[in-house]
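First up is the structure itself, then whatever we jot down about it.
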Ligand SMILES: Cc1ncc(COP(=O)(O)O)c(C=O)c1O
């Protein structure tokens, strides 16, 4: 019997067994994820109450804690790492991603500074260079891994704000925004909610942007564009979260550059269309922007959480993210000097492993397969007499089941039935079911099973 739950000798002696137990439980979970209902059952969710026992005076020990987590927790997960989860733009985690994250967790590196983790710094550097190359972004762009596209948007927009105000003679990084010249912000009518959130966080306001009209697919229409004066930031989008469509970058960037405005691209998942020769043309001229936000946890299928902020002018990003102290050597050129975070997990390790394992062809195949399966889903829906609301140009499909209440009740039935999971949305006034095909493990058979399930739910709905 160990002296306490923190008995070092006992923990060292039990460590290998504990980690093997975790590995076996993880493998068993993944082996079962294909054939279980995608949403957890009510009993499993109610069972989570059992995690809330009074904090014990004497700890349970790691083995017991892990057993409870697995026995109570595994059944109450959403099977988003399985092949028939089409919610949000979640993406499953590749086996290589899970494996690398396990190894990286064992390393427990703080990726803030190279001196804290040479391997994390090197993986960041290489992985970001590979991503720039793969997505056709400038090779000398600087970037940093953050929690997701929301933080990547905020990071890039903070750099944009500082750069535009510096040009107007105002040092925002040092003086803040009180008394600064106004910054004009332009967004499209179908801008993602997290751009507005990011604008709020960095002090430019969620609701003061000029909104440009968008077409039926959510793309900004590049005509009758307004004149811009003074410091200005234009937010464009690669991959609308509902339709998958991207803004026409060529004419929009040309217009923005006429006014020396900063162009930021939110490409949370859509930027990965550049990873395939088949879809790359949708992003022509995206490389002419000044900053880009994307995610690895979505279409690259790393584990959560992993976003990436990239800025073409590295000095601008560094100045915006600066934190200096005598005990932080070289911080300006390292992860903590390129992101809002100081201490941070070593996200680049997993991204390096995934990119090294897939290679250029593997990324292209992942993108192409998801797009092909999205089209198959849409075709199946049309064959069943259902309305597909968008042009399926990427991996997103919007399906209507008629009036809003009926659409909502079919979506609820689909989620309840459990073969697959799709969420709701409202697209330009029409209630719809969103299907996002973003995972490596989805097959034709998974799509066909899901089509059959959705169809059956639609037939039963009144
Ligand atoms: C276009 C776009 N931007 C931003 C986000 C937010 O990404 P995250 O949840 O990784 O912060 C999403 C999420 O779906 C998105 O589709």
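Here, each number is a calculation from the coordinates, and none is a lab measurement. Predicted model, so just to flag it, every value in this text is computed and none were measured. Every residue, glycine as well, gets a Cβ built from its backbone with ideal geometry; the counts of neighbours run over all protein chains shown.
Would you kindly give the portion of the calculated P(r) for the chain that falls above 43 Å, as a percent of all Cα pairs?
Roughly 19 percent, once rounded to a whole number.
Ordered by the count of other Cβ atoms within 10 Å of each Cβ, fewest first, 254, 3, 332 give 3, 254, 332.
For the range 337-413, evaluate the Debye formula with one uniform point scatterer on each Cα (no solvent term) and list log10 I(q)/I(0) at q = 0.12, 0.17, 0.25, 0.27 Å⁻¹, rounded to two decimals. Ignoring solvent entirely, the Cα scatterers give -0.61, -0.78, -1.12, -1.21.
Return an integer: the convex hull volume of the alpha-carbon atoms of the range 366-460, in Å³ per residue.
About 82 Å³ per residue, rounded to a whole number.
Report the Stokes-Einstein translational diffusion coefficient (µm² s⁻¹, integer) for the range 82-121, Rh taken as the Kirkwood radius over Cα pairs, at 20 °C with viscosity 1.002 mPa s. The calculation lands on 176 µm²/s. Both radii are taken from the alpha-carbon atoms of the range 121-251; with Rh as the Kirkwood radius, Rg/Rh is 0.98. By DSSP, the beta bridges lying fully in the chain are antiparallel in about 60 percent of cases. Computed over the range 280-324, the Cα gyration tensor eigenvalues convert (square root of 5λ each) into semi-axes of 23, 19, 5 Å, ordered from largest to smallest.
Residues 288, 252, ranked from the fewest to the most other C-beta atoms within 10 Å, line up as 288, 252. The DSSP beta bridges internal to the range 100-354 are antiparallel in roughly 45% of cases. A convex hull fitted around the alpha carbon atoms of the range 94-141 yields 77 Å³ per residue. Once C-alpha pairs closer than 8 Å and six or more residues apart are averaged by separation and normalised to the residue number of the range 1-156, the relative contact order reads 18 percent. Panel values: the range 8-78, Kirkwood radius from alpha carbon pairs, Stokes-Einstein at 10 °C and 1.306 mPa s, translational diffusion coefficient 116 µm²/s.
Only counting other Cβ atoms within 10 Å, I'd like 164, 11 sorted with the fewest neighbours first.
11, 164
The convex hull defined by the C-alpha atoms of the range 1-152 has an orientation-averaged projected area of 12.8 nm².
For the chain, the relative contact order works out to 21 percent when only alpha carbon pairs closer than 8 Å and six or more residues apart are counted. Annotation: the range 124-190 has a Kirkwood hydrodynamic radius of 14.1 angstrom, from the mean reciprocal C-alpha pair distance. Projected onto their three principal axes, the Cα atoms of the range 100-354 cover extents of 55, 46, 27 Å, largest first. Volume of the convex hull of the range 257-397 (Cα atoms only), normalised per residue: 140 Å³.
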